[in-house]
Amino acid sequence: MGNALHVRKRVALASLVTAVVVIVVIIALSVSLTQEKSRNAGMAEPTVSAPDHYRLPDTITPISYNVTFWPRLEPDDNDLYLFTGNCTVVFKCTRETDLILIHSIELNFTLLDGFHARLTGLNGPAPSLKKTWLEDRTEYLVVQLDGPLQVNSSYELFTEFVGELSLTQQGFYRSVYTEDGVEKVIATTQMQPTHARKAFPCFDEPALKAVFHVTLIHPQNTTALSNSLASGRTSFEPTKIMSTYLLAFVVCDFGHIKTETGSSIRVWANKKAIDKGKGNYALEKATPILAFYEKYYNISYPLKKSDQIAIPGFVFPAMENWGLITYRESTFLQDLHESFYEDKEMLVDMVSHELAHMV
Ligand SMILES: *[C@@H]1O[C@H](CO)[C@@H](O)[C@H](O)[C@H]1NC(C)=O
Ligand SMILES: *[C@@H]1O[C@H](CO)[C@@H](O)[C@H](O)[C@H]1NC(C)=O
Ligand SMILES: *[C@@H]1O[C@H](CO)[C@@H](O)[C@H](O)[C@H]1NC(C)=O
Ligand SMILES: *[C@@H]1O[C@H](CO)[C@@H](O)[C@H](O)[C@H]1NC(C)=O
Ligand SMILES: *[C@@H]1O[C@H](CO)[C@@H](O)[C@H](O)[C@H]1NC(C)=O
Ligand SMILES: *[C@@H]1O[C@H](CO)[C@@H](O)[C@H](O)[C@H]1NC(C)=O
């Protein structure tokens, strides 16, 4: 019995200790939870504008780009084919921020007063730059400001850069072919899916549409093409408001053929192929196809021209750049009389697909 009492005492003591421990733990937990809660309440918006996010924040809307490129069709002393360029993007601030994130990758920048970019205010002074850097993982040029951009105010961001016209078929690149035993180089683009940022700093998401004023500096014995018609020897009419991934430009010495039925359809390819009539079948088919779509959609083709160009070695079957559709040369160039029926059918299928992206 005495033993039993002793045991009961020990049980009671153990229970008391356990109860105290549990209470202490509960109090400690609730205190730390409260602290956590108040920390969260004190926190600003989630860090949507941090450069470690892949999607752009909703703080800035681009309006227009003035972009100049000078591709070198001859290698430099290091055997590199380079292009230089500069870009002025006009944008509007839609939500207060002191950080400008703009896509850029594989470009080397000229430092301007020690920074990767220069900012000018269009409705008043712009905040001065604090720090600029390249965030490789998320493919941004980051511009940190000393003060905030004003909501509804517009600004100009200027950059100057050098890139390589590589053989990667991404961004602004080069394609090589031989004509009469001579190796020829053309400079051309492939901006989809997210390769426009390899050609120039841009807000490279499809919803962020803008007008593009393109200037291409090129030798007189070459032709420069872009989405819109040339308005000078090197400059092009502004594009319609469009996405970065639809931008295209080519510097080459190709030949062309055309029709003038309402909108102007042209077919471009290396001169030999054009002379042999290998673009004729594509031109003959493109014309009624576009006319069909205009009737089918009840929308007239909105651009002044539709170029179809045969790119040597293009890995994609085709790309619907607005006004300058690029095609794989081997599929695109067919001989009306000698080509297989299946090859001609594939060509018509491809042209129909690309021209359907007419607006
Ligand atoms: C862009 O180029 C167009 C055409 O040359 C010109 O009218 C316009 O002022 C330029 N805009 C900027 C921001 O440089
Ligand atoms: C951009 O580059 C072209 C060609 O080098 C030059 O003519 C033009 O002045 C440059 N634009 C600006 C704003 O510096
Ligand atoms: C910005 O412009 C919009 C549309 O005009 C207007 O509704 C809004 O109040 C403006 N915001 C500021 C901060 O000026
Ligand atoms: C960019 O800079 C890096 C490092 O200096 C250099 O290796 C590379 O060749 C440059 N690229 C171009 C296109 O100038
Ligand atoms: C253009 O002319 C230059 C100089 O005469 C020459 O080196 C170059 O090969 C020519 N380019 C083309 C594409 O014919
Ligand atoms: C085509 O569009 C025009 C103008 O937008 C409109 O008046 C017409 O009714 C449309 N036709 C058809 C068949 O939808």
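The table below gives the values:
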quantity	calculated
Some residue of the stretch 122-145 being out of contact with any Pro (no Cβ under 6 Å at 6 or more places or on another chain), away from ligand 3 (no atom under 16 Å from the Cβ), closer than 25 Å to Ile217 by Cα and free of Cβ contacts under 8 Å to residues at least 60 places away in the same chain	no
Residue in the stretch 268-305 that is most open to solvent (accessible area, probe 1.4 Å), counting only those that are more than 29 Å from the chain's Cα centre (by Cα) and among the charged types (D, E, K, R)	Lys295
Residue match in the stretch 221-234 (condition: open to solvent by 20 Å² or more (accessible area, probe 1.4 Å), in contact with a Cys (Cβ under 8 Å, 6 or more places away or on another chain), β-branched (Val, Ile, Thr) and without any contact (Cβ under 8 Å) to a residue 60 or more places away in the chain)	yes
From the options Thr88, Thr34, Thr18, residue that is away from ligand 4 (no atom under 16 Å from the Cβ) and at pLDDT 95 or above	Thr88
First in the stretch 55-79 and under 15 Å from Val211 (Cβ atoms) and open to solvent by 60 Å² or more (accessible area, probe 1.4 Å), second anywhere and charged (D, E, K, R) and away from ligand 2 (no atom under 16 Å from the Cβ), Cβ under 7 Å, 6 or more apart	Ile63/Lys92
Residue check for Glu179: assigned by TED's automatic domain parsing to the domain that holds Thr88, open to solvent by 10 Å² or more (accessible area, probe 1.4 Å) and within 26 Å of Leu99 (Cβ to Cβ)	no
Within the stretch 140-153, considering residues that are open to solvent by 20 Å² or more (accessible area, probe 1.4 Å) and of a type outside the set (Val, Ile, Thr), the one nearest to the chain's Cα centre (by Cα)	Gln144
Matching option when the condition is modelled with pLDDT under 95 and surrounded by fewer than 19 Cβ atoms within 10 Å (Cβ to Cβ), among Pro193, Pro127	Pro193
Filtered residue count, the stretch 247-273, keeping only those that are hydrophobic (A, V, I, L, M, F, W, C) and in contact with a helix residue (DSSP H, G or I) (Cβ under 9 Å, 6 or more places away or on another chain)	8
Sole exception among (1) within 16 Å of ligand 3 (Cβ to nearest atom); (2) surrounded by fewer than 17 Cβ atoms within 10 Å (Cβ to Cβ) for Phe91, by number	(2)
Selected residue (criterion: farthest from ligand 3 (Cβ to nearest atom)) from residues of the stretch 198-220 that are open to solvent by less than 20 Å² (accessible area, probe 1.4 Å) and under 17 Å from Met242 (Cβ atoms)	Ala199
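Conditions (1) basic (Lys, Arg); (2) out of contact with any helix residue (DSSP H, G or I) (no Cβ under 7 Å at 6 or more places or on another chain); (3) within 16 Å of ligand 1 (Cβ to nearest atom), marked per residue:
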| site | (1), (2), (3) |
| --- | --- |
| Leu99 | no, yes, no |
| Ile102 | no, yes, yes |
| His116 | no, yes, no |
| Lys130 | yes, yes, no |
| Trp133 | no, yes, no |
| Leu149 | no, yes, no |
| Asn152 | no, yes, no |
| Tyr155 | no, yes, yes |
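The values are calculated or read from the model by the stated rules, or taken from the named source; none is laboratory data. As the structure is a prediction and not an experimental result, all values here were calculated from the model. As a convention, Cβ positions derive from the backbone with ideal geometry for all residues, glycine included, and neighbour counts pool all protein chains shown. These area figures cover heavy atoms from the full protein model, side chains too; ligands, DNA and RNA do not enter into them. Shrake-Rupley method; radii C 1.70, N 1.55, O 1.52, S 1.80 Å.
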